[in-house]
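A.B. asks: One structure is given below, represented as structure tokens, and several questions about it will come after.
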Amino acid sequence: MILAGDIGGTKSNLALFEEKDGRLAAVVQQRYTSHEYAGFAEMITAFLKQAEPRCGKEKIACAGFGVAGPVVENRVHATNLPWIVDGREMQKAFGLEHVVLLNDLEATGHSLEHLREDELCVLNKGNPQRGGTRALLAAGTGHGQALLVWNGHGYRVAPSEGGHSDFAPHTEQQIELLRFMRKRTAHVTWELILSGRGFRTLHEFLDSSVRHDSFDEPGDAAAPEITRRGLDGSCPVCVAALDLWTAIYGAEAGNLALKVLALGGVYVAGGIAAKILEKIKDGTFMKNFCDREEKFEELMRGIPVTVVLNEDAPLLGAAYQALQTRGA
């Protein structure tokens, strides 16, 4: 039995997997509201208690957890939670043989080879280069980025904190957006825009006089309402905010593709893209992805771009990485 988790600032997914012939299948899975727990160990304890009627006392051999934050020496201080997760402490506390901690995008990267065709949506077929570097980015509660490099046998996933690098405006309107945001914060990062809370910021930038009920709630509570109204056309400001957000996401995906020369493809993961897939597919994303210097436009058009539809991809990737670590 393998214990796996995807630990995010808003929600956390935990599951127990069984392995058969190298494939993993979830036996029990549960989602939790992260901030309702004082720490990760308390959440694990609650999950194992809930899972016991289903799994009995079957021994858990190893565990893998994807956590939003930089992992250093199998220890991570979660970016959007007041938690410190230590692999060695988890190993001792729960009697596990191995515990592997991964950045959440690193965990997603390990899932790509295990996803079904219907769990992927191709935005641009392109001309994938065998063994070419891949880029991965994901917008949700935060914004993560990673790259995958071929080592001759498979892809090695290299995490990054690129979501916390400086926002680079792509148009005159986005230059004005940067000025608007600089009045609120000294450091305008990609994550401040390309995450759930970014939708309200864009809405207020476009027209601060229009408000919705969700604006009175904390955090990124406005995101579902803005995206819903943007998709159904019931609010012109929401339509414009969704369009601007998608354009910025496409531009940054193109930036990342150029930086790592992602000839093996770009993968767009995270909960937001799957929820607004209709908008992601309407051409706005790819137009801004390809909008480069003339000499690079053909290169960009040849890069495959795929949306990951399975929101449990980080959970699955963490489980497979734990399985691989156990067999090492």
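The values are calculated or read from the model by the stated rules, or taken from the named source; none is laboratory data. Since we're looking at a predicted model, the values are computed, not measured. Here Cβ is always computed from backbone atoms with ideal geometry, including for glycine, and neighbour counts include all displayed protein chains.
A.B. asks: Where in the stretch 7-111 are there helices (runs of 4 or more DSSP H), lying fully within it, with 3 or more residues that are assigned by TED's automatic domain parsing to the domain that holds Gln321, touching a residue at least 24 places away in the same chain (Cβ under 8 Å) and farther than 30 Å from Gly265 by Cα?
C.D. replies: Values: elements: 40-55, 87-94, 104-111.
Of the helices (runs of 4 or more DSSP H) lying wholly inside the stretch 7-111, those with at least 3 residues that are assigned by TED's automatic domain parsing to the domain that holds Gln321, touching a residue at least 24 places away in the same chain (Cβ under 8 Å) and farther than 30 Å from Gly265 by Cα span 40-55, 87-94.
A.B. asks: Sort through Ala240, Ala253 and tell me the only one that's among the small types (Gly, Ala, Ser), part of a helix (DSSP H, G or I) and over 20 Å from the mean Cα position of the chain (by Cα).
C.D. replies: On the way: Ala253 fails: over 20 Å from the mean Cα position of the chain (by Cα).
Result: Ala240 is the single residue among Ala240, Ala253 that is among the small types (Gly, Ala, Ser), part of a helix (DSSP H, G or I) and over 20 Å from the mean Cα position of the chain (by Cα).
A.B. asks: Next up: Considering only the stretch 73-83, how many residues are at pLDDT below 90 and surrounded by fewer than 17 Cβ atoms within 10 Å (Cβ to Cβ)?
C.D. replies: 2
A.B. asks: Could you tell me which of the residues Leu309, Leu277, Leu231 is farther than 16 Å from His170 by Cβ, modelled with pLDDT of 95 or more, surrounded by fewer than 24 Cβ atoms within 10 Å (Cβ to Cβ) and more than 20 Å from the chain's Cα centre (by Cα)?
C.D. replies: Details: Leu309 fails: more than 20 Å from the chain's Cα centre (by Cα); Leu277 fails: more than 20 Å from the chain's Cα centre (by Cα).
It is Leu231.
A.B. asks: Arg134 passes all but one of (1) free of Cβ contacts under 8 Å to residues at least 12 places away in the same chain; (2) farther than 30 Å from Ala221 by Cβ; which number fails?
C.D. replies: (1) is the only condition that Arg134 fails.
A.B. asks: I'd like to verify a number: residues in the stretch 125-149 that are buried (at least 18 other Cβ atoms within 10 Å of the Cβ) and either part of a strand (DSSP E or B) or hydroxyl-bearing (Ser, Thr, Tyr) (or both), how many?
C.D. replies: So the answer is 14.
A.B. asks: If Ala38 meets every condition in (1) among the aliphatic types (A, V, I, L, M); (2) more than 27 Å from Ala223 (Cβ to Cβ); (3) surrounded by fewer than 20 Cβ atoms within 10 Å (Cβ to Cβ) apart from one, which number is that one?
C.D. replies: In the conditions (1) among the aliphatic types (A, V, I, L, M); (2) more than 27 Å from Ala223 (Cβ to Cβ); (3) surrounded by fewer than 20 Cβ atoms within 10 Å (Cβ to Cβ), Ala38 misses (2) alone.
A.B. asks: I would also like to ask the following. Among the listed residues Arg88, Arg116, Arg75, identify the single one that is more than 20 Å from the chain's Cα centre (by Cα) and of a type outside the set (Gly, Ala, Ser).
C.D. replies: Arg88
A.B. asks: What number of residues within the stretch 260-315 are in contact (Cβ under 8 Å) with a residue 60 or more places away in the chain and either part of a loop (DSSP other than H, G, I, E, B) or of a type outside the set (Phe, Trp, Tyr) (or both)?
C.D. replies: Final tally of qualifying residues: 33.
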